[in-house]
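**Student:** Questions regarding the structure given below will be posed in turn.
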Amino acid sequence: EEDAKIQYGILSGKIDSLCSLPFALNVAFVTTLVPNISKSMSKGNLEEVRKKAGQYILISILIAMPITAIMFLYPNEIMSLLFPNAQNGAMYLKISSISIIFMILAQTINGILQGIGKVSIPAIAFGIGMIIKFICNIILISNPKIGIYGAIIGNIMCNIIACMISIVVLHKSINLRINLKNTIVKPIIATLIMSVISLYLFNALKCIKIGYLEIIITFLASFIIYLLQILIFKIYPLEKIKKILK
């Protein structure tokens, strides 16, 4: 019982808080999304709605992918940096990071759905996701070989299901067309390049032994490298980012 309480505390206290940070950062972005989509929808300009929706989804993917990669690659370092006196839970963070991209995507897509008047869909999608999560919890957590990881798997499945339902409804509602090369393939390549370079840099800094600075420098360098990849691959020009946020 004591071990169960400790594991639950780590998951609900540390891991959920860390994985919710990107979600919180995306809130400000989504608040600008809904009125912009509503404005285009009120004009009956579906082509403009599709264009804006594609842009918002791309930006969300560009936000989510590097954060997911960093949390997946450096869970031990993140836990030791933020919780130096209680570093347990690195593997929980590593696995939970998978859900971040689906959380952010679902948040953005739900904002688009609200903008086009489909206000009930996000709640329905999340409700179905919660049912799947509940089933996963019942089946997996009770298995001693899986334990608390069952709750993490349930969270991931909940976010995936909710995200997929929202995407399907959005596609049917506005006939959404996404450029897979620019929206999916290029961001994945940029994230992979960033990950490889950051790992090489981190291992090099570890040899110098500069303490916590090695992971802080690695994170800052990874952020810069990722931004450069966005520009190099012409995924999203800076002038377009400024324009969409106006």
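The values are calculated or read from the model by the stated rules, or taken from the named source; none is laboratory data. Not measured: the values here are computed from a predicted model. As a convention, Cβ positions derive from the backbone with ideal geometry for all residues, glycine included, and neighbour counts pool all protein chains shown. Heavy atoms of the whole protein, side chains included, go into the accessibility calculation; ligands, DNA and RNA do not. Shrake-Rupley method; radii C 1.70, N 1.55, O 1.52, S 1.80 Å.
**Student:** Helices from the chain with mean Kyte-Doolittle at least -0.5 and a Cα length along the axis of 20 Å or more, per DSSP H: which?
**Tutor:** Taking the DSSP H segments of the chain (at least 20 Å long, mean hydropathy at least -0.5), we get 16-42, 46-73, 98-115, 121-136, 149-174, 186-208, 213-232.
**Student:** Then there is this: Near PHE202, within a Cβ-to-Cβ distance under 15 Å, what is the net charge of the other residues, with Lys and Arg +1 and Asp and Glu -1?
**Tutor:** Result for the local shell: 0.
**Student:** Another question about this same structure. Scan the range 1-91 for trypsin sites (Lys or Arg not before Pro) in coil per DSSP, keeping those whose Cβ has at most 11 other Cβ atoms within 10 Å, and list them by number.
**Tutor:** Those that pass, being in a loop and sparsely packed, are LYS43.
**Student:** Once Lys and Arg get +1 and Asp and Glu get -1 on their Cβ, which of LEU231, ILE135, GLY89 lies farthest toward the positive end of the dipole of the chain?
**Tutor:** Final value for the positive-end residue is LEU231.
**Student:** Now for a different question. Accessible area per residue of the range 136-246 at 1.4 Å probe, in Å²?
**Tutor:** Result: 62 Å² of accessible area for each residue.
**Student:** Counting alpha carbon pairs within less than 8 Å and at least 6 residues apart, what relative contact order, in whole percent, applies to the chain?
**Tutor:** 21
**Student:** Compute the length gained on full extension between PHE83 and LEU227: take 0.36 nm times their separation in residues and subtract their Cα-Cα distance, giving the result in nm to one decimal.
**Tutor:** 49.0 nm
**Student:** Can you tally the net charge around ALA69? Count Lys and Arg as +1, Asp and Glu as -1, for every other residue whose Cβ sits under 15 Å from the Cβ of ALA69.
**Tutor:** +1
**Student:** Okay, moving on. Would you please name the trypsin sites (Lys or Arg not before Pro) within the range 156-241 that are DSSP coil residues with at most 15 other C-beta atoms within 10 Å of their C-beta?
**Tutor:** Within the range 156-241, the qualifying trypsin sites (Lys or Arg not before Pro) (loop, at most 15 other Cβ atoms within 10 Å) are ARG177, LYS209, LYS234.
**Student:** Which whole-number percent is the relative contact order of the range 119-171 (Cα, under 8 Å, 6+ apart)?
**Tutor:** Dividing the mean separation by the residue count of the range 119-171 yields 46 percent.
**Student:** Considering only protein heavy atoms, with the full assembly of protein chains and a 1.4 angstrom probe, order MET79, MET103 by accessible area, largest first.
**Tutor:** MET103, MET79
**Student:** Follow-up. In nm, to one decimal, how far is the VAL34 label point from the LYS234 one, both placed 7 Å along Cα→Cβ?
**Tutor:** 3.6
**Student:** Let me know the number of lysine pairs in the range 107-246 closer than 26 Å at the Cα, not counting same-chain pairs under 8 apart.
**Tutor:** Here the count comes out as 20.
**Student:** Any idea what the dipole of the chain comes to, in debye rounded to 20, about its Cα centre with Lys/Arg Cβ at +1 and Asp/Glu Cβ at -1?
**Tutor:** It comes to approximately 1080 debye.
**Student:** Summing Lys, Arg as +1 and Asp, Glu as -1, what charge do residues with Cβ under 13 Å from the Cβ of VAL34 carry, VAL34 excluded?
**Tutor:** For residues surrounding VAL34, the net value is +3.
**Student:** Shifting gears a bit: Find the centroid of the Cα atoms in the range 181-205 and in the range 100-128, then give the distance between the two in whole Å.
**Tutor:** Answer, in whole Å: 28.
**Student:** If you take the charge dipole of the chain about its Cα centre, with +1 on Lys and Arg Cβ and -1 on Asp and Glu Cβ, which of THR183, ILE197, ALA24 is farthest toward its positive end?
**Tutor:** THR183
**Student:** Extent of the chain along each principal axis, from alpha carbon coordinates, in Å, largest to smallest?
**Tutor:** 56, 45, 26
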